[in-house]
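The values are calculated or read from the model by the stated rules, or taken from the named source; none is laboratory data. No experiment lies behind these values; they were computed from the predicted model shown. Cβ placement follows ideal geometry from the backbone for every residue including glycine, while neighbour counts extend to all protein chains displayed.
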Amino acid sequence: MADSNDDSTVISVRNVEGESGKDDGASSRWPTLEEILSTHEEPAIFLPNWDRVFTISCAFAVFLDPFYPYIFNITEDWTCYYWDEKLMWAFIGLRSAADLFYYADIVWFYIRLRISPEAIGPWIRDLRIRELHKLLPLLPRIFVALPFPQVVLLTGKYTSFDNFVFLIFFAPAQYTLRVYRGYGLFKRAPNTETGIGRWLRAILGFLPFILAAHLYGALWYHLSLQRELDCWFYACLDATVGCDLSQTFYYFYCGTETYFDNVLLNITHIKASCPINPPNATIFDFGIFLYALQCNLNSPNLGKKFVQCFWWGLRNLSSFGSNLQTSLYMLETFFTVLVSISGIVLFLIYLNSRVQISKQRSDQRKLRHKMHMMNPDIDLWLHKNGLSDQKLKEVIMKNLHQKLEEHKEVDVENILSLLPIIHQRRIMCRLSLNLLRNVAMLENMDEQVLIAICERLKPVIYTEDAYIIREGEPLDKMLFIMQGTAWSYTTSSNCNICGSASGSSNIKCLERGDFYGEELMNWASKLTSLSEFPISTRFVKCQTKVEAFAIRAKDLKGVVTKFWWHFSKGFESSQLEQLESLAISSLRAIRCRRHARARARTG
């Protein structure tokens with residue numbers, strides 16, 4: 001009766017375990033090499049090309065904003081300034097279109113936070129603080145997307161609202177953040193190994209110079225107009241001549257080029273007080289802005305203004321502003337100092353980038369040389385282990401390249417260390433699965449058990465003449481030879497050389513495909529105590545360098561405990577109590593897994 005009860009217990013638990021394994025049936029099928037290598041490739045989520053599109057939109061936006069000053073023009077005949085409405089509406093339309101990409105970036109970033117909440121920080125448990133941390137990264141993105149230039153233009157054109165605060169504080173701060181954001185994206189430099197990549201890298205190296213020349217040229221144009229308006233204003237303050245400034249509305253603003261009531265202005269006196277051709281510094285010194293006024297850059301010809309201003313900015317940045325002759329006007333002096341410092345900083349940045357590129361190229365050449373030297377060893381290892389798969393080699397070379405770039409130690413003798421952990425385990429399982437079937441007890445074992453053993457194997461390397469296991473010591477590991485040759489022998493008398501005619505050799509050659517330590521498997525399968533731990537009866541010594549897989553006694557014991565029903569045929573009746581305990585533990589584990597899956601589905 002006892003025996004029948006034992007059998008029924010084993011059968012019932014085995015059925016339940018098999019039932020629970022239906023969900024994991026795919027894992028029992030051994031994956032192919034291609035499946036192993038593609039298991040953890042990250043799928044393309046969200047918009048795979050969004051960063052590229054957004055980078056282009058950022059570049060367009062930061063090059064568009066400096067066109068804002070070109071909207072304003074001066075007409076000398078009417079002694080007033082006006083707005084180029086065609087350019088204004090074109091600027092507003094293009095700027096609004098560029099802002100749409102910033103709005104889309106806000107939405108995409110928020111969606112990413114919702115889908116990947118761990119990006120906020122898993123240590124933040126307070127829900128209110130977590131929501132605050134979600135909003136904080138959005139604030140600079142929202143600020144960058146606000147339409148400040150459009151607001152300044154429309155309020156200045158159609159209302160009497162003073163937009164000075166927007167123009168002086170918010171617009172420059174927003175532009176600075178946009179440049180900073182774009183610079184972070186531009187730092188993702190293209191691959192310099194290709195011809196196109198080298199050209200793009202060279203262009204990106206000059207990009208800060210081009211942007212700065214564009215920006216400072218536009219500011220120079222705007223300050224030139226402002227300086228001429230200041231001169232007109234000072235001329236009208238002459239009490240002997242007099243100009244009724246209260247009747248000129250926005251201080252010489254004529255709205256359009258076609259009409260301005262300048263009856264109240266003494267144009268002759270104004271022009272005499274602001275001499276341009278020829279200049280007279282004793283009357284009014286225009287300083288660095290004289291050239292812009294003499295070249296008639298205040299005309300509505302945008303192409304002429306842009307090219308000339310861009311050339312002025314590029315020329316003075318490259319010369320560090322050394323040729324600029326300033327007046328005593330404080331804003332002009334400050335602007336000149338800013339141009340000079342910016343030129344020096346940009347030159348140092350460019351010089352540093354060229355040094356870094358030169359160093360990277362030198363490092364890349366050294367890295368390619370190292371990889372070329374290691375390539376034969378990798379090919380030999382793949383050939384010896386029957387893994388001559390091109391995709392596997394590409395994965396190994398990619399990880400080798402990454403480790404060498406990070407200046408990490410690379411053990412070419414242990415090729416598996418060049419693979420990600422998940423790939424290491426699965427390749428080891430693939431290599432050792434047939435070796436395990438050479439063990440008598442595992443010959444007809446379920447593949448799920450073999451996979452569990454494979455996952456606990458560890459690659460080991462022993463040098464020539466090294467002792468792997470000594471006679472009389474605890475047999476704490478089981479060894480599977482992958483490469484090399486080892487001797488297995490005992491110190492007892494009447495030793496014969498392996499392959500001798502006696503047929504009772506005490507010296508054995510362990511080569512590829514052989515194993516040692518089957519006694520450990522017998523010990524683990526019987527769930528015996530540590531007092532019955534096996535002792536090695538032989539020495540195992542390397543004849544050559546040996547590469548092997550080893551599994552420790554505790555790991556082997558863990559596999560047997562987990563899959564005990566596959567080893568139950570070897571259990572004795574005295575182990576019934578321990579067997580029932582394992583059965584109860586298995587049932588509890590199955591129940592816990594089912595509850596966890598149910599909570600995951602409902603949650």
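Could you tell me whether the range 291-300 includes any residue that is farther than 29 Å from residue 269 by Cβ, surrounded by fewer than 17 Cβ atoms within 10 Å (Cβ to Cβ) and over 41 Å from the mean Cα position of the chain (by Cα)? No: the range 291-300 contains no residue that is farther than 29 Å from residue 269 by Cβ, surrounded by fewer than 17 Cβ atoms within 10 Å (Cβ to Cβ) and over 41 Å from the mean Cα position of the chain (by Cα). Can you name the residue in the range 217-234 that is over 13 Å from residue 289 (Cβ atoms) and not small (Gly, Ala, Ser) and is also surrounded by the fewest Cβ atoms within 10 Å (Cβ to Cβ) among such residues? The extreme case among them is 234. Listed by first and then second residue, the pairs linking a residue in the range 67-95 that is in the same structural domain as residue 304 (by TED's automatic domain parsing) to a residue that is of a type in the set (Lys, Arg), with Cβ atoms under 8 Å apart and 6 or more places separating them unless they lie on different chains, are 70/305; 76/271; 79/271; 83/157; 88/157.
Could you tell me whether any residue of the range 297-310 is in contact (Cβ under 8 Å) with a residue 24 or more places away in the chain, at positive phi and part of a loop (DSSP other than H, G, I, E, B)? Checking the range 297-310: not a single residue is in contact (Cβ under 8 Å) with a residue 24 or more places away in the chain, at positive phi and part of a loop (DSSP other than H, G, I, E, B).
Only one entry in 324, 314 is in a loop (DSSP other than H, G, I, E, B), among the aliphatic types (A, V, I, L, M) and under 14 Å from residue 219 (Cβ atoms), namely 324. Within the range 138-152, residues that are small (Gly, Ala, Ser) sit with their Cβ atoms under 7 Å from residues that are not in a loop (DSSP other than H, G, I, E, B), at 6+ positions apart or across chains, in these pairs: 145/99; 145/102; 145/103; 145/106.
Rundown of residues vs (1) surrounded by 19 or more Cβ atoms within 10 Å (Cβ to Cβ); (2) at pLDDT 80 or above, yes/no style:
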{"site": "505", "(1), (2)": "no, no"}
{"site": "514", "(1), (2)": "no, yes"}
{"site": "541", "(1), (2)": "yes, yes"}
{"site": "558", "(1), (2)": "no, no"}
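At pLDDT 75 or above, exposed (fewer than 15 other Cβ atoms within 10 Å of the Cβ) and under 21 Å from residue 178 (Cβ atoms) - does that describe any residue in the range 113-136?
Scanning the range 113-136, I find no residue that is at pLDDT 75 or above, exposed (fewer than 15 other Cβ atoms within 10 Å of the Cβ) and under 21 Å from residue 178 (Cβ atoms), so the answer is no.
I'd like to know if the range 88-100 contains one or more residues that are at pLDDT below 90, more than 21 Å from the chain's Cα centre (by Cα) and over 22 Å from residue 181 (Cα atoms). Looking through the range 88-100, at least one residue is at pLDDT below 90, more than 21 Å from the chain's Cα centre (by Cα) and over 22 Å from residue 181 (Cα atoms). Among the residues of the range 145-191, those identified as at pLDDT below 80, among the hydrophobic types (A, V, I, L, M, F, W, C) and either over 38 Å from the mean Cα position of the chain (by Cα) or within 17 Å of residue 57 (Cβ to Cβ) (or both) are 161, 164, 165, 185, 186.
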